[in-house]
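One structure below.
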Amino acid sequence: MTGFERIFHIGIDDVDSPSGGCTTHLVLLMLKELMKYGVTLVDYPNLVRLNPGVPWKTRGNGAVALRFTSSMELDKVYEIVRSVFEKYVRDYENPKHQPCLLIMKGDINHRIALFAKKALYDIVPSDLALKALRGTSHILTCFNGNRGIVGALGAIGNTMTSEDYTFELIAYRKIENLGKERCVDKDSVIEMDQKYKGNTILNYDPVEDRVLITPRGPDPVLLGIRGEDPSILVKAYKTVKLCEEADFAGIFRTNQHTDPHIKSVETICEAHPYMCLRLRGTVSTKPFRVVGGHVFFKVCDDNCCIDVGVYEPTKWFRKYAELLIPGDVVEVQGCVRPPSSTHGMTLNLEKLHVIWLKPMIVYENPFCPVCGKRLTSAGKGKGFKCRNCGFKSRDMARKTRIIERGLSEGWYQPPYTAFKHVMKPLERVGREKREFYYRPIETVFVV
């Protein structure tokens, strides 16, 4: 960066609509315009997934950010991207959404970083975002309200320079194919998944026999391949056979599949609606299944309790929950659903960590030493007798036996089809990245 250049951050959120549109698509269209003015991208476009428990979230609750250096003034940057933003918002206008465009000049201060971190796992009001922006050099424009400022500032403030991150290569559809069924060869996805296993994430679920890289909505995304390294993603993308031509593709750096939304808490008492967390406690009720196939149980610590829900779409994951018994010590993580007239405050289970299993002990009468039949009680204080051969004994005692639980201590996760964008697969544990340095990024668009 020269003495005349400064760093800029552009954040966008709440653009997606049930009729189409995608925040990542919009930000790459903006980037194409900015590149005409010689800006230097210092990071891949960022895709930041915020709290998935927010009731008014867009699909996946993803916001995006661009980070670049330029000698242009703030007003000039705004002039370049404003028309792209406004046209896109008009094309996919939704009265329920409040899209915002935020452009900041300069480094991210501590106040904004704290705000952005909280937006990953909790509810934060838009007025708090506006307070965090005080004293900064920025331009903000919104439509239908300013709720999108939370995501826009959350994307800017979550720089992922000292937290775990992954990458996603996203390919987009041509206009003439929007609304049609996506045409991606399934066998080639399976081949790609096998070839780059360990370096890509959740391409295909073999249990459900389902391709996971293609969305199902009306948005312009053709496919998205997630993984640990952008160069591997490009190779993986070229392995997949498309029976419709992509318009263009780009690479994002993202917090997907890193569990960024999970906040560890000291006590269950800290839990509140729409918060996403990890908590430790003791199972206090026997799990039970209700009509619809959902499973519920209660977890308590020394001061508070919370219901835990394991829902039908998680399929066999529910069986692990049903094997729990009161007294088991567990960690549960997920987002909290508010109470209603039919249930209490409930944590929607994403992962289960069995820390300690209470031994399940049964007491059994001994076998007859003469005929081998099971002895019965001869009466209080009278020992045992055999109804088959008449043997009696006052010296024999009941035996104890520990029942095999069918469950072990360790971590359990649902099928891939039930994963949210943010959820970290257990297979990624130990592969976390902890640093990223801004540098000129030459390859974002993929041909």
Study note, to complete from the structure: To the nearest 20 debye, segment 6-159 has a Cα-centred charge dipole, built from +1 on Lys and Arg Cβ and -1 on Asp and Glu Cβ, of 240
Review point. Which of 288, 413, 78 sits farthest toward the positive end of the charge dipole of the chain, with +1 on the Cβ of Lys and Arg and -1 on the Cβ of Asp and Glu?
Key: 288
Check your understanding: Rg and Dmax of the chain over Cα atoms: what are they, in angstrom?
Key -> 27.6, 103
Point to revise | Length released on extending from residue 110 to residue 397, taking residue separation times 0.36 nm less the Cα-Cα span | key: 96.5 nm
Point to revise | Crossing angle, helix 110-119 versus the chain [Cα axis fit, 0-90 degrees, rounded to tens] | key: 50
Exercise for review: As a check on your grasp of the helix formula, calculate [θ] at 222 nm for the chain: sum -39500 (n - 2.57) over DSSP H runs of n ≥ 4, divide by the residue count, round to the nearest 500.
Suggested key: -5500 deg cm²/dmol
Review point. If you take the beta carbon distance between residue 123 and residue 162 as r and set R0 to 25 Å, what does 1/(1 + (r/R0)^6) give as a FRET efficiency, to the nearest 0.05?
Key: 0.55
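Take 130, 101 and order them by how many other Cβ atoms sit within 10 Å, fewest up front.
Details: 130 14, 101 27.
In increasing order of surrounding Cβ atoms, one gets 130, 101.
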Revision key, fill the gap. Computed from the beta carbon distance with a Förster radius of 35 Å, FRET efficiency for residue 264 and residue 208 to the nearest 0.05 stands at 0.70
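About its Cα centre, how strong a charge dipole does the chain have in debye, to the nearest 20, once Lys and Arg get +1 and Asp and Glu get -1 at the Cβ? Display every interim value, and only then the final one.
On the way: 64 positive and 52 negative charges, 502 e Å.
About 2420 debye.
Given a Förster distance of 45 Å, report the FRET efficiency between residue 285 and residue 438 from their Cβ-Cβ distance, rounded to the nearest 0.05.
On the way: r = 50 Å, r/R0 = 1.12.
Once rounded, the FRET efficiency stands at 0.35.
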Revision key, fill the gap. Of 425-435, 62-72, ordering from highest average Cβ density within 10 Å down gives 62-72, 425-435
**Study point:** Whole-angstrom gap from segment 205-246 to segment 103-137, using each part's C-alpha centre
**Key:** 33
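Any idea what the dipole of segment 379-447 comes to, in debye rounded to 20, about its Cα centre with Lys/Arg Cβ at +1 and Asp/Glu Cβ at -1?
The dipole magnitude comes to about 1080 debye.
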Review point. Which residues' amide hydrogens lie under 5 Å from the amide hydrogen of residue 165, considering only partners 5 or more residues apart or on another chain, with H built in the peptide plane?
Key: 433
Practice item. Give me the lysines in straight-line cross-link reach of residue 358: C-alpha distance below 20 Å, same-chain residues under 8 apart excluded. Key: 286, 298, 319, 399
**Study point:** Extreme residue, positive dipole direction of the chain, given options 149, 109, 347 (C-beta unit charges)
**Key:** 347
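A short reminder: the numbers here are calculations on the coordinates, not readings from a lab. The model shown is predicted, which means the values in this text are computed figures rather than measured ones. Glycine also receives a Cβ, built like all others from the backbone with ideal geometry; neighbour counts cover every protein chain displayed.
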